[in-house]
1. For the stretch 117-146: of the residues being surrounded by fewer than 17 Cβ atoms within 10 Å (Cβ to Cβ) and among the small types (Gly, Ala, Ser), which is modelled with the lowest pLDDT?
2. For the stretch 95-116, how many residues meet the condition of being surrounded by 17 or more Cβ atoms within 10 Å (Cβ to Cβ) and farther than 22 Å from Ala169 by Cβ?
3. Does the stretch 69-85 include one or more residues that are outside any helix (DSSP H, G or I), in contact (Cβ under 8 Å) with a residue 40 or more places away in the chain and not acidic (Asp, Glu)?
Amino acid sequence: MGVFGADPRTRRSDAEGGRRERVLTSEVMATAWSRLKVRAPLERPMRHVIQAALLIVAIIHLLPLLGVLGPTRLRGLYGVAVPDPNLDLLLRHRAVLFGIIGALQLAAIVHGPLRPVALLVGLASVTSFLVLAVWLGPINPQLFRVAVVDVVALVLLLGAGLAQLREQAG
């Protein structure tokens, strides 16, 4: 009840013959806002940040899919000759796995529930390569280029992961 015994969310309208009408107070607005389940203005840009990062990282993961086309493509991608058919099979299979990761990330752009999984799989992929590259020692220029691209992907994935956590917490 208000100061004069009336509900503070209503007021007397003399133009309407004394009928009470609802006044939009902050409490009423907050209630209406929560009932509409409208997301905060910053959440939409966060979603777009996540989607943009997933798109870039998906492209990064889809590029090695060209290795499926054979040893010539693999040599171009990684700067290594593939004389052994068994090694050729393993590297082509690796290319397919990268295609699967890229497809998951593309799907996560349009299907929100896949985003945490796509981000974690992407993080596992780029982090494992970077750790192995540092651990195993000197790499050729093509693999160094892959490592640089993976560092970019790692930064994007970490940023998108933080945005995803913020969106889920909000």
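1. Gly137
2. Residues that pass the stated criteria total 8.
3. yes
The values are calculated or read from the model by the stated rules, or taken from the named source; none is laboratory data. All of these numbers come straight from a predicted model, not from anything done at the bench. FYI the Cβ positions are ideal-geometry reconstructions off the backbone, even for glycines, and counts take in every protein chain you see.
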